[in-house]
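The values are calculated or read from the model by the stated rules, or taken from the named source; none is laboratory data. Predicted, not measured: the structure shown is a model, and the values here were computed from it. Glycine gets a Cβ as well: all are built from the backbone with ideal geometry, and neighbour counts include every protein chain shown.
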Amino acid sequence: MVGTPQIRMTKQRQVILEELCKVTNHPTADEMYQMIRKRLPKISLGTVYRNLEILSELGMVLKLDVGGTQKRFDANVENHYHARCKDCGSVSDVHMPVSLDVEAKAQSCTDFDIQRHTLEFVGVCPDCQEAGRRMDA
Ligand SMILES: [Zn+2]
Ligand SMILES: [Zn+2]
């Protein structure tokens, strides 16, 4: 059985990455667990969580620390912007070009060696807007 755990880890990691690539809703570790469990019924939440952390350390997934709530994960590791719903906490991509100007400006205002920036917009998602309209009616 020597070496088996490592192979199993790799397979689990692969499934986690595959499942994350299928979605664009930036799932939490819990949500990932629900998805992964359908393919690997014996996997534990801790294993999913640990593998997500490893994948993010390897730069293969993006870990989003948005709004101080649960961490969310993204298969798109290119810098891009996000919008967070203040009502339900969902996170969506905002398809606009990343502004490198911001980094240059920041660089001129600080002694930090600026390497990247993140930007999070906060608002109300379409589903919650819809729910709000239903409540008003
Ligand atoms: Zn919402
Ligand atoms: Zn994203």
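For the range 76-88, the condition holds for no residue, the condition being that it is within 21 Å of Gln34 (Cβ to Cβ), among the hydrophobic types (A, V, I, L, M, F, W, C) and under 12 Å from the mean Cα position of the chain (by Cα). Checked against (1) assigned by TED's automatic domain parsing to the domain that holds Gln12; (2) acidic (Asp, Glu); (3) surrounded by 12 or more Cβ atoms within 10 Å (Cβ to Cβ); (4) within 14 Å of ligand 2 (Cβ to nearest atom), Glu31 meets all criteria but (4). Take the range 77-113 and flag every residue that is in contact (Cβ under 8 Å) with a residue 24 or more places away in the chain and within 12 Å of ligand 2 (Cβ to nearest atom). Selection gives Asn79, Tyr81, His82, Ala83, Arg84, Ser90, Val91, Ser92, Asp93, Val94. Among the strands (runs of 3 or more DSSP E) confined to the range 64-137, the ones with at least 3 residues that are within 23 Å of Cys21 (Cα to Cα) are located at 72-74, 81-85, 91-94.
Residues that are part of a loop (DSSP other than H, G, I, E, B) and either touching a Cys at 6+ places or on another chain (Cβ under 8 Å) or hydroxyl-bearing (Ser, Thr, Tyr) (or both) within the range 34-63 comprise just one, Ser44. Consider Asp74 carefully, then state whether it is within 16 Å of ligand 1 (Cβ to nearest atom) and surrounded by 11 or more Cβ atoms within 10 Å (Cβ to Cβ). When the stated conditions are applied, Asp74 does not pass them.
Whether a residue is away from ligand 1 (no atom under 16 Å from the Cβ) and assigned by TED's automatic domain parsing to the domain that holds Thr10 was assessed, and Val61 passes this test. Only residues that are closer than 20 Å to Val91 by Cβ and in contact with a Lys or Arg (Cβ under 8 Å, 6 or more places away or on another chain) were counted across the range 37-71, and they come to 10.
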